[in-house]
1. Among (1) within 10 Å of Leu181 (Cα to Cα); (2) surrounded by 11 or more Cβ atoms within 10 Å (Cβ to Cβ), which single condition is Gly194 missing?
2. How many of the residues making up region 195-232 are part of a helix (DSSP H, G or I) and of a type outside the set (Lys, Arg)?
3. Test Ser35 against the stated conditions and say whether it is more than 29 Å from the chain's Cα centre (by Cα), modelled with pLDDT under 75 and hydroxyl-bearing (Ser, Thr, Tyr).
4. Looking at region 113-140 only, could you name the residues that are in a loop (DSSP other than H, G, I, E, B), farther than 22 Å from Gln188 by Cα and touching a strand residue (DSSP E or B) at 6+ places or on another chain (Cβ under 9 Å)?
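The values are calculated or read from the model by the stated rules, or taken from the named source; none is laboratory data. Bear in mind that the values here come from a model prediction, so they are computed numbers and not experimental data. FYI the Cβ positions are ideal-geometry reconstructions off the backbone, even for glycines, and counts take in every protein chain you see.
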Amino acid sequence: MLLDRLQPRRVSDDDRRAALARLRAFAAGEAQQPSAGHRSEESAAGVRIDPGRHGLLALIAVAVVAALAAGALYLRARPQPVEVPSRVAAGQPLVSTSPSAAAEVVVDVAGRVAHPGVVTLPLGSRVGDALRAAGGALPGVDLSSLNLARKLVDGEQVLVGVVPPPGAVAGAPAGGGLVNLNSATAEQLESLPGVGPVLAQRIVDWRQTHGGFRSVEQLREVSGIGAAKYADLKSKVTV
């Protein structure tokens, strides 16, 4: 029986014709099927590119950076305002930006001090500050007659341990018998004709409010001093 299977099988004409038909049909199907390269081109032409979520965020970030860069360039290109110095009319005094001289007081410290002479102190300084600037009083000097808490006035003289000349008061110019409106105390102002405690205190208050007298004529601005009283005082006071 095994020998019968090993013997060649005879193929009928019908089998040959069927096999030939199948070969022809297969060949016809291969001819109609497009090549691999042609299929790739068609597929590529029909494919839609999708960047995905991360790709979309990257594109948005690039667009934002580009917009910021364009804005910065625009701002830099804008014209900048230039400050033009103001013109000063002819004859008008220039206003100095340096510290004003009114921020200082210059006083003469004389008498029994270590270093008598002229000292410059900040505005608002007191007699005690002037005394320290002059090196302090000499040993044994009685300072009870000095009001160390009194505010200094520009241009005054502070006498330490020295008895003022007859008719003069502390703060009066050397060699004169005039009362200095900027340094005299209320008691010393009462020595003037027609000046009592109330008017003397008004003079002191005006001096402190306005930073001192700049001229004798300003005495007219003190309440209670009219033309007649000013005429009696102007020859007996100084600044």
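1. Tallying (1) within 10 Å of Leu181 (Cα to Cα); (2) surrounded by 11 or more Cβ atoms within 10 Å (Cβ to Cβ), Gly194 fails exactly one: (1).
2. Going through region 195-232, the residues part of a helix (DSSP H, G or I) turn out to be 197-210, 216-221, 227-232.
Next, only the ones that are of a type outside the set (Lys, Arg) stay: 197-201, 203-206, 208-210, 216-219, 221, 227-228, 230-232.
Looking only at that region, the number is 22.
3. Working: more than 29 Å from the chain's Cα centre (by Cα): yes; modelled with pLDDT under 75: yes; hydroxyl-bearing (Ser, Thr, Tyr): yes.
Considered against the rule, which asks whether it is more than 29 Å from the chain's Cα centre (by Cα), modelled with pLDDT under 75 and hydroxyl-bearing (Ser, Thr, Tyr), Ser35 comes out as yes.
4. Across region 113-140, the qualifying residues are Ala114, His115, Pro116, Leu123, Ala134, Gly135, Gly136, Leu138.
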